[in-house]
1. Could you please give the count of residues in region 200-239 that are loosely packed, with under 14 Cβ neighbours inside 10 Å, in contact with a strand residue (DSSP E or B) (Cβ under 9 Å, 6 or more places away or on another chain) and within 14 Å of residue 267 (Cβ to Cβ)?
2. Quick test for you: out of 330, 297, pick the one residue that is in contact with a strand residue (DSSP E or B) (Cβ under 8 Å, 6 or more places away or on another chain), loosely packed, with under 15 Cβ neighbours inside 10 Å and at negative phi.
3. Condition first: β-branched (Val, Ile, Thr), under 26 Å from the mean Cα position of the chain (by Cα) and assigned to a strand (DSSP E or B). Now tell me which residues in region 202-239 satisfy that.
4. Return a yes/no flag: does region 14-28 have any residue that is modelled with pLDDT of 65 or more and either in the same structural domain as residue 210 (by TED's automatic domain parsing) or part of a helix (DSSP H, G or I) (or both).
5. Just for region 39-69: of the residues that are buried (at least 18 other Cβ atoms within 10 Å of the Cβ) and aromatic (Phe, Trp, Tyr), which one is farthest from residue 271 (Cα to Cα)?
6. Any chance region 268-275 includes a residue that's at pLDDT below 95, touching an Asp or Glu at 6+ places or on another chain (Cβ under 9 Å) and exposed (fewer than 14 other Cβ atoms within 10 Å of the Cβ)?
7. Given (1) β-branched (Val, Ile, Thr); (2) under 13 Å from residue 391 (Cβ atoms); (3) modelled with pLDDT of 90 or more, where does residue 301 come up short, assuming only one miss?
8. Look at residue 385 and say whether it is under 18 Å from residue 181 (Cβ atoms) and either touching a helix residue (DSSP H, G or I) at 6+ places or on another chain (Cβ under 8 Å) or at pLDDT below 95 (or both).
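The values are calculated or read from the model by the stated rules, or taken from the named source; none is laboratory data. As the structure is a prediction and not an experimental result, all values here were calculated from the model. Heads up, the Cβs are rebuilt from the backbone with ideal geometry, glycines too, and the neighbour counts pull from every protein chain shown.
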Amino acid sequence: MLRKRGRSLLGLSLALMMICGVSLRAEEPDEGIHMVRRGDTLWHISGTHLQDPKLWPQIWEKNKYIKNPNLIYPGDPISLPGKEGIAPMEKEAGVAPGGAPRAEELAPSPEIREEGVISAGEAIVAPGKEEKAEEGVISAGEAIVAPAKEREPSVAVSEPSRFEIAAYRPAPMVTSQVVADSGFIGGDEILRERRRIVRPLEPIDELSAGTQVIVNIGLQDHVMPGDKFSILRPVRKVYHPLRRGRLGTLIWNVGWLQIQEVMADSSKAEIAYSYIPVRVGDRLVPHQVFPFPMDSKPQPTAMQMRGYIVASREERILGERDIVYIDLGKKQGISPGDVFSISRAETMPKGSTPRGAQPTVSRMGELVVLRTEVETSSALISRSEDPIRRGDRIALEKKIP
C-alpha cells in the first residue's frame, strides 16, 4: 500500500514538473524577436542579427508599427526578417510573420458526422451475409470509396522563405544615425588625445551598448555624472589620390558613453550606443550632435565646385549607402545636404586618340554631404550606376538654400 502511494506521489510530482516546464517555456521570447534595449538602433540590430547594418530597412518594413525609424524605445518587440518568431503585437492580432493570417485560423472547422452518412473519400465496408454480386450492389466485406463531393476551395498558407530578401518600402537615405556614424578626416590632435577607455568594469570580450567601463578622466578634469563623451578611433592616414599630399587621419565615430560615477582621476561610465564594438584605448571627446537639414531640399546651383573622393569608410567596392570622404569642406563653402555628381574620366591607350582630344567622362552616380570639416567632408553615396572608387571626380550640382 505504501509502495503504491509512493508511486502515485512520484507520478504527481513528475506531472507537476512537466506542467511547470511547459508553462516556463511558453513565457520564453520567440527566437525571431529582439526586445529593444537602451541604446539600440535599427542599424545596430540589423548588424547584429542580419550581419549587415545597411539591411535595417527590411526590419523597419517588417515592423509596421514603427512610424519613425529613428525612434524605437526599450521594451519594443522587433520582429526579425527571415526568422520564425512572431512579435507579441502580431500574436494578439492573429497574424503570422509578414502579415499573413495564421494557419490555425484558416483551417476548416470539423464537420459533424451524422449516422449513416459517408464522408467524401472515406472507405467503408458493407456488413451482411454473402450475396450475389450485382451491378450497383455492395458485397459483404467489399471495400468501396464514396465519390468526393464538391467542397469550397481551401486557402493554402505558405511559409515565407528564410532565404528570400523581402521587398521594403523606400527608406530615407540620410538619418541622424547615419550622420552620427559617418566619421571624418581629422588632424593629429586626435592621435595625441589622452582621454581614453581604460578597461571594462567586468571581464568581457566585446564592449557594446550597456557595457560599463572605466575611463581615465575624473574630478581633476572637471567631469560630472551625466556628462557625455563621443568614442573616437583613429583608423588610417589619408593621402590625396592625385596630389599625394597627406589630408589627415580617418577617424571612426564608434559611439558615445555617459559618465555615471566620478572619482579623483577616473570615472565609471556606461556605453550608451555603438555602431561597431568598442575597444580599450578608444579616444574620448565631449559629445557633439552634428545637425543635418532633414526638411530642406537642395536646389540647383550655378556655383562651380569640383573635387575628388579621397577615401572611404570601408576599403572595398563602393555603392549606394556607403560612406566616402571628399577634399572639399567649410573653407570652400560646402554645407551638409549639398549634392555632388560622381564621374570618371575614361583613360584610353596612348596613341589611340587624336592629339588634343578630351577624355570621355562617364557619370557614375551622386553623393550627399553629411558632415563638414575645414577642408574635407564626409558624404553618403545616394545613387550609383557603377561601382564607385577612390579618385573619382565630383562636381557640385545642388546646394542647401
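1. So the answer is 5.
2. Details: 297 fails: in contact with a strand residue (DSSP E or B) (Cβ under 8 Å, 6 or more places away or on another chain).
Just one listed residue meets the conditions, 330.
3. Filtering region 202-239 down to residues β-branched (Val, Ile, Thr) leaves 204, 211, 213-215, 217, 223, 231, 235, 238.
Right, trim to under 26 Å from the mean Cα position of the chain (by Cα) and you get 204, 211, 213, 231, 235.
Of everything in region 202-239, those that are β-branched (Val, Ile, Thr), under 26 Å from the mean Cα position of the chain (by Cα) and assigned to a strand (DSSP E or B) turn out to be 213, 231, 235.
4. Restricting attention to region 14-28, the residues satisfying the condition of being modelled with pLDDT of 65 or more are none.
No, there is no match, as no residue in region 14-28 is modelled with pLDDT of 65 or more and either in the same structural domain as residue 210 (by TED's automatic domain parsing) or part of a helix (DSSP H, G or I) (or both).
5. 60
6. Checking region 268-275: not a single residue is at pLDDT below 95, touching an Asp or Glu at 6+ places or on another chain (Cβ under 9 Å) and exposed (fewer than 14 other Cβ atoms within 10 Å of the Cβ).
7. Every listed condition holds for residue 301 apart from (2).
8. On the way: under 18 Å from residue 181 (Cβ atoms): no; either touching a helix residue (DSSP H, G or I) at 6+ places or on another chain (Cβ under 8 Å) or at pLDDT below 95 (or both): yes.
Considered against the rule, which asks whether it is under 18 Å from residue 181 (Cβ atoms) and either touching a helix residue (DSSP H, G or I) at 6+ places or on another chain (Cβ under 8 Å) or at pLDDT below 95 (or both), residue 385 comes out as no.
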